[in-house]
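The values are calculated or read from the model by the stated rules, or taken from the named source; none is laboratory data. Because the structure is a prediction, the values reported are computed rather than measured. Note: ideal-geometry Cβ built from the backbone for every residue, glycine included; neighbour counts use all protein chains shown. SASA here: full protein model, heavy atoms, side chains in, ligands and nucleic acids out. Shrake-Rupley method; radii C 1.70, N 1.55, O 1.52, S 1.80 Å.
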Amino acid sequence: MAIITNAPRGTQDVLPSQSYKWQYIEQMALDIARLHGFREIRFPVFEHTELFNRSVGDTTDVVQKEMYTFEDKGGRSITLRPEGTAGAMRAILQNGLLNDALPLKASYLISCFRYEKPQAGRLREFHQFGVEMAGAGSYAADAQVIALAKAIFDALGIEGLALELNSIGCPTCRAEYHKALREYFAAHKDQLCDTCKGRLEKNPMRILDCKNPACAEIAKGAPVVLDYICDDCRAHFEGLKGNLDAMGIAYTVNPTIVRGLDYYTRTVFEFVTTGIGAQGTVCGGGRYDGLIELLGGQPTPSVGFAMGLERLLLVMEQQGCGFAPEQKCTMYIGSIGDAAQQKAAGLTAALREEGFYVECDAVGRSVKAQMKYADKLGAKFSCILGDNEIEAGKVRIKRMDKGEITEVALDQEALVQYIYHNTIDEIVEYE
Ligand code: HAM
């Protein structure tokens, strides 16, 4: 039988030696979002396909080319979520959360799935931290959401991400823009890919983010939406810029940003870097005033963003950002013989209950091999129990970095006292 050791293309394992970095980023993002009033929501990895067709849009690359869609055993069409906004909003609506005080502010940490061509920073299974603020139509909400993304980058020590902003207008002004785009692209119709030929009538804006090189080249000369937005949308955009100025958040207006998902209205934004290769968009978001109504709810203007955790990690590693150090083993309790092994097992359990990271032998190794393993774990202290120690009621503890030996009573209380006494400097330093 063939050995199965290859993960599917575009997926990535997070190994035990690296997972502390993920935990650090995830906890920081959740904590900072909490300070800004966002509480975590969790929702399913898969949804009815129709949810994404309707919200992300059936002429987008995501829906037309990238979704993992299958029929379940009950004959339903199911899709692994390609993003979080649609599922979050479905859950918020279904559970009546918009009946409480608005805005409703929710954050999420999720895996997402898109059948894209894998490269650095672009995977088929990837992870997002996102937030959504539902029931807030003012540009002040856009500014607050952007400020939260910035606060998370700052807290993680990431520097130099450029914030790029645009407004893509509302359905009213969009109609004018679509007309201009149709005229422009009609003149280049023969060079467009087949998918984009189909988009020309239905949704010409989607041609702008087609990944086909020929379409991308033609799109460079297309009219830009910012020239077509109505007075209300323009006032909203100016208000947002004013708020960002007041908050001291630098940005540039990039009139070519349209984002690849259909639900956006007015504000769209991205945080980008040139430091991690072609996939430099670390965070993307914007306003989606029509989505909740489209899903069957009351009109509820909303805004949010999502940041890609793989890209965030790449930026942090490239910039040499720190991660909270991984906790090292405090004490290794070695043993020789059955009685000593029983005693070591009891003490290990008791010390773990006290909150210490303690290890003992779980393999039946020789003392020499146990000490080698303790070394590998980076244990701060170690001791070896044998019949003599049990009889004498005493044990010699070795401080591994200095080689210092201290004899203490062989009981839980004495060991706890010893550990406290010998790690107090670090505890104070850490705090
Ligand atoms: P998005 O721009 O499609 O927006 O994705 C957000 C972020 O997810 C991107 O900026 C990128 O960092 C990361 N990302 C996207 N695709 C991949 C991939 N294939 N591999 C690795 N990372 C990826 C959304 O998903 C919207 N739901 C954001 C939003 C929330 N808008 C309003 N609320």
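Kindly check whether there is at least one residue in the range 234-248 that is part of a strand (DSSP E or B) and more than 16 Å from the ligand (Cβ to nearest atom).
no
Can you list residue pairs whose Cβ atoms sit under 8 Å apart, with the first residue in the range 128-144 being in the same structural domain as residue 100 (by TED's automatic domain parsing) and the second being away from the ligand (no atom under 12 Å from the Cβ) and acidic (Asp, Glu)? Count only pairs 6 or more apart in sequence or on different chains.
129/26
Being assigned by TED's automatic domain parsing to the domain that holds residue 23 and buried (at least 18 other Cβ atoms within 10 Å of the Cβ) is the requirement here; does residue 159 meet it?
No.
Does at least one position in the range 200-210 carry a residue that is open to solvent by 50 Å² or more (accessible area, probe 1.4 Å) and not assigned by TED's automatic domain parsing to the domain that holds residue 281?
Checked the range 200-210: at least one residue is open to solvent by 50 Å² or more (accessible area, probe 1.4 Å) and not assigned by TED's automatic domain parsing to the domain that holds residue 281.
Can you spot a residue in the range 87-101 that is within 10 Å of the ligand (Cβ to nearest atom) and open to solvent by 50 Å² or more (accessible area, probe 1.4 Å)?
The answer is no; no qualifying residue exists.
Could you please let me know if residue 243 is assigned by TED's automatic domain parsing to the domain that holds residue 308 and among the polar types (S, T, N, Q)?
Yes.
Listed here are the residues, each with its yes/no results for (1) free of Cβ contacts under 8 Å to residues at least 40 places away in the same chain; (2) outside any helix (DSSP H, G or I).
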residue: 148; (1), (2): no, no
residue: 164; (1), (2): no, yes
residue: 184; (1), (2): yes, no
residue: 190; (1), (2): yes, no
residue: 206; (1), (2): no, no
residue: 223; (1), (2): no, yes
residue: 226; (1), (2): no, no
residue: 229; (1), (2): no, yes
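Which pairs do you get when a residue that is more than 16 Å from the ligand (Cβ to nearest atom) and modelled with pLDDT of 95 or more, found in the range 283-300, comes within reach of a residue that is acidic (Asp, Glu) and open to solvent by 10 Å² or more (accessible area, probe 1.4 Å), reach meaning Cβ atoms under 7 angstrom, with the pair 6+ apart or on two chains?
Going by the 7 Å Cβ cut-off, the qualifying pairs are 299/293.
Got a sec? Which strands (runs of 3 or more DSSP E) wholly within the range 317-431 have at least 3 residues that are open to solvent by 60 Å² or more (accessible area, probe 1.4 Å) and free of Cβ contacts under 8 Å to residues at least 60 places away in the same chain?
In the range 317-431, the matching strands (runs of 3 or more DSSP E) lie at 394-399.
Please list, ordered by first then second residue, the pairs with beta carbon atoms under 6 Å, 6 or more apart or interchain, first in the range 4-33 and closer than 17 Å to residue 123 by Cβ, second of a type in the set (Lys, Arg) and surrounded by 12 or more Cβ atoms within 10 Å (Cβ to Cβ).
As it stands, the answer is 10/124, since those pairs meet every condition given.
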